[in-house]
1. Among the residues that make up the range 49-68, is at least one of them surrounded by 12 or more Cβ atoms within 10 Å (Cβ to Cβ), in contact with a Lys or Arg (Cβ under 7 Å, 6 or more places away or on another chain) and of a type in the set (S, T, N, Q)?
2. Please go through the range 44-94 and pick out each residue that is of a type in the set (K, R) and either farther than 29 Å from V27 by Cβ or touching a His at 6+ places or on another chain (Cβ under 8 Å) (or both).
3. Looking only at residues in the range 93-108 that are outside any loop (DSSP other than H, G, I, E, B) and in contact with a helix residue (DSSP H, G or I) (Cβ under 6 Å, 6 or more places away or on another chain), which one is nearest to Q42 (Cα to Cα)?
4. Among the residues of the range 48-58, how many are more than 13 Å from K77 (Cα to Cα) and either under 16 Å from the mean Cα position of the chain (by Cα) or not in a loop (DSSP other than H, G, I, E, B) (or both)?
5. Within the range 3-43, work out how many residues are touching a strand residue (DSSP E or B) at 6+ places or on another chain (Cβ under 6 Å) and part of a helix (DSSP H, G or I).
Amino acid sequence: MKTSKIEKVKNLIIVLIFFFCGVIAFVYFNISFNYPLNETRQKIIDFKERNGEYPSSLGDLDGIEKAKFMSVLKYKKNGDDFRLYFCRTKIGPCEVCTSSQEPYFDEI
C-alpha cells in the first residue's frame, strides 16, 4: 500500500510539531525561574563569620540549591568581598548581590 505525498507531508508536520514541543519542554523544565539568592548570600556571609574569610567557591558551602541546566549561578571572590550572579538563562537578565548589597537586577 502506497502512501500519497499529502500523507507524507502530514506525517512530517506531525513529527516536526512533536519535535519542537519536546525541545520547548526540555528548555522550560531546565530553567530555574526562582532562585533563593538572598539565602545563598546569607550562607556566604555566615561562612565568613565562622571561618574568617569568604569561601573560594560555592562548593565549599553546604546545602545551597543548585541552578538548573539552562540557568547560570556564578560566584567570584574579590578580596574582602564577593559577587554572586544568578541568571535565569545564559542571555539574562541577571540578579547580582555582594556582601553589602542585597540582590538587584543588572546586565552582565
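1. No.
2. Within the range 44-94, K48, R50, K77 meet the criteria.
3. C97
4. 3
5. 2
Read-outs: derived from the displayed coordinates by stated rules, not from any lab. If you're wondering where the values come from, they're calculated on a predicted model, not measured in any experiment. Cβ atoms come from the backbone with ideal geometry, glycine included; neighbour counts cover every protein chain shown.
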